[in-house]
1. Restricting attention to segment 44-60, report how many residues are exposed (fewer than 15 other Cβ atoms within 10 Å of the Cβ) and aliphatic (A, V, I, L, M).
2. Any residue at all in segment 98-108 that's surrounded by 12 or more Cβ atoms within 10 Å (Cβ to Cβ), closer than 24 Å to Ala139 by Cβ and at pLDDT below 90?
3. Is it the case that Glu192 is closer than 14 Å to Arg78 by Cα and not in a loop (DSSP other than H, G, I, E, B)?
4. Show me the helices (runs of 4 or more DSSP H) found entirely inside segment 102-184 where at least 3 residues are under 26 Å from Arg46 (Cβ atoms).
5. Of all the residues that make up segment 30-43, how many are over 15 Å from Lys18 (Cβ atoms) and either in contact (Cβ under 8 Å) with a residue 40 or more places away in the chain or open to solvent by 80 Å² or more (accessible area, probe 1.4 Å) (or both)?
6. Looking only at residues that are of a type in the set (A, V, I, L, M, F, W, C) and under 15 Å from Arg48 (Cβ atoms) in segment 185-214, which one is surrounded by the most Cβ atoms within 10 Å (Cβ to Cβ)?
7. Give the number of residues within segment 130-178 that are under 14 Å from the mean Cα position of the chain (by Cα) and of a type in the set (D, E, K, R).
8. Just checking, does segment 189-212 include any residue being in contact (Cβ under 8 Å) with a residue 60 or more places away in the chain and either under 25 Å from Ile80 (Cβ atoms) or in contact with a Cys (Cβ under 8 Å, 6 or more places away or on another chain) (or both)?
Amino acid sequence: MRLAELSRRSGVSTATIKYYLRERLLPPGHQINATTAEYDEEHLRRLRLVRAMIQVGRVPVAKVREVLGHVDDDSLGRTIRLGAAMWALPQVPEPDEDDEFVQAAEQEVITLLDRLGWENTKRLTTISSAYRSLVVAMAALRRIGYDWEAELLEPYAELMHRAAVLDLNLLETQPSEAERIEFAVLGAILIEPVLQALHRLAQEEETTRRYGFE
């Protein structure tokens, strides 16, 4: 397809597509002559990913380029590619290791991982953004007097593990390795808000079941 067709099918203006090409967020088209290039379904799929990251996820262009570099690096194994792509996305600030609330929260998270038997996750705590995010959130709760302990968190973590199994089962249906990594990135940007909304809808449903509409 030519640039105009790529624009029509993707809903992205030709000027924006040209900008993405200049920024190396899209691979070059297949050059037909000095002024014309052809694009294919791979370009369309990548364009949709870029658009989701920038317009929906508000990910800066430089960070998008970094994530896509991991997506395209087929010298890495799947676990490393998935992790690198996720870690390249915008993250929470580093927790203050001298903060007593952070220290207490980190100990509780480690206790939680022990209770769950998540030994592989424990090996990744020094580089895992998810681990840091949980520590920061737990510290914030402790700071205002809500000392959630590992025992309370454990059933929630088990539910999330079931969701992770569903995620990876769906990921493995994608036809290529690059598409599997792209699917994981899209999941972090688009699916997590869906899951959060479903959680809130479930809370609304259970609240009305228990207490009615009064």
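1. 1
2. Checking segment 98-108: at least one residue is surrounded by 12 or more Cβ atoms within 10 Å (Cβ to Cβ), closer than 24 Å to Ala139 by Cβ and at pLDDT below 90.
3. no
4. It comes to 150-171.
5. Total meeting the criteria: 5.
6. For segment 185-214, the residue satisfying everything is Val185.
7. Residues meeting the conditions: 1.
8. There is at least one residue in segment 189-212 that is in contact (Cβ under 8 Å) with a residue 60 or more places away in the chain and either under 25 Å from Ile80 (Cβ atoms) or in contact with a Cys (Cβ under 8 Å, 6 or more places away or on another chain) (or both).
The values are calculated or read from the model by the stated rules, or taken from the named source; none is laboratory data. Keep in mind the model is a prediction, meaning the values are calculated, not measured. Cβ sites come from the backbone with ideal geometry, for glycine too, and all protein chains shown count toward neighbours. The protein model used for the area step is the full one, side chains on, heavy atoms only, and it has no ligands, DNA or RNA in it. Shrake-Rupley method; radii C 1.70, N 1.55, O 1.52, S 1.80 Å.
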